[in-house]
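To start, the structure under review is shown below, and the notes come after it.
The values are calculated or read from the model by the stated rules, or taken from the named source; none is laboratory data. Here the structure is a predicted model, which means the values were calculated and not measured. Every residue, glycine as well, gets a Cβ built from its backbone with ideal geometry; the counts of neighbours run over all protein chains shown. Calculation scope for accessible area: heavy atoms of the full protein, side chains included, ligands and nucleic acids excluded. Shrake-Rupley method; radii C 1.70, N 1.55, O 1.52, S 1.80 Å.
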Amino acid sequence: MPELPEVETTRRGLEPHLQGRRIHGVILRRPDLRWPIPPDIERALPGQRIAAIRRRAKYLLLDTDAGSALLHLGMSGSLRVLPGDTPVRAHDHVDISLEDGRLLRFNDPRRFGCLLWQPPGETHELLRGLGPEPLDAAFDGDYLFARSRGRSAPVKSFLMDQRIVVGVGNIYAAESLFMAGINPLREAGKVSRERYQRLATAVKDILGYAITRGGTTLRDFISPDGAPGYFEQELSVYGREGQACVRCGRPLRHASIGQRASVWCGHCQR
Ligand SMILES: [Zn+2]
């Protein structure tokens, strides 16, 4: 599933091809993805100039004067910029054609992605109430410490709560807690300020590194035959239950925390 780094990598890959370009037309090959595609998309976008392509959490926004197209890649979605005469393949659900003759094509085999509409000046309900971006300065140890007081939920569930901070999925939560030496089952309200400072730094380092790595696959976004450009993770704990801890060599523990598979080292994470 595309996580925040893949979505940011997608945004960076698309930006030079989309920003400032005028939209020629929109082709919807089905009326819905995860949710119905609003008719405003077909009505309002043609003729508009793409002022910016932004990311908020795992959503991408194509900003125009008429409003913003709001995209989510879901479980299996990908976006690519292609020559206008590229043959349509299975699961190519949406084309946004540009006046330069190319098109932005959305492919999504499992259709958990979405294409929605946000009028100018509004914030779509899906974006309301979201916590800060993990790479922004507003997200730090003091913030996590303040928000966690009085909370008895496991720190891993707290870190994955989109109202606390966006885009820290299961993989990145597990890896960040390992890097910070915090047991994922510990009550969020009982983690010290100093340890939250380590955790915030770990989240930023791990997501930032993943985005940097993703940058190596950017060319795939303009290749008709290229893979979507997601990259292999280098993982210390996620998916390694029962294997040796990379730090101390003891077998890693695993359990379900908040219905999510969780792996950690009982020795290195307290
Ligand atoms: Zn260990």
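The table below gives the values:
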read-out: Pairwise centroid distance, computed over Cα atoms, of the stretch 96-152 with the stretch 1-22, Å; value: 13 Å
read-out: Inter-label distance, nm, simple model (7 Å from Cα along the C-beta direction), ARG193/LEU135; value: 2.9 nm
read-out: Highest-MSF residue in the chain out of THR86, THR212, THR201 [GNM, Cα springs under 10 Å]; value: THR86
read-out: Gyration tensor verdict on the stretch 1-46 (Cα atoms; rounded if a/c is under 1.5, prolate if a/b is larger than b/c, oblate otherwise); value: oblate
read-out: Per residue solvent-accessible surface (Å²) - the chain, probe of 1.4 Å; value: 46 Å²
read-out: Global geometry of the chain, whether rounded, prolate or oblate, following the gyration tensor of its Cα atoms and the 1.5 cut on a/c; value: prolate
read-out: Of all accessible heavy-atom area on the chain, the percent that carbon and sulfur account for (1.4 Å); value: 49 percent
read-out: Folded to 0 to 90 degrees: helix 170-180 orientation relative to the chain principal axis, Cα; value: 40 degrees
read-out: Choice from PRO16, PRO87, PRO120 showing the highest fluctuation, given a GNM over the chain with Cα pairs closer than 10 Å; value: PRO87
read-out: Magnitude of the charge dipole, the chain, Cβ model with Lys/Arg +1 and Asp/Glu -1, debye to 20; value: 980 debye
read-out: Karplus 3J(HN,Hα) series, Hz, for the stretch 17-26 with 6.51 cos²θ - 1.76 cosθ + 1.60 (x for Gly, Pro); value: 8, 10, 4, x, 7, 9, 7, 8, x, 10
read-out: Anisotropy class of the stretch 1-103 from Cα gyration tensor, a/c 1.5 cut; value: rounded
read-out: Angle in degrees between helix 193-214 and the longest Cα principal axis of the chain, rounded to the nearest 10; value: 40 degrees
read-out: For the stretch 4-127, size of Cβ-based charge dipole, Lys and Arg +1, Asp and Glu -1, in debye; value: 320 debye
read-out: Structure-based [θ]222 nm, the chain - -39500 (n - 2.57) summed over DSSP H runs of at least 4, per residue, nearest 500; value: -7500 deg cm²/dmol
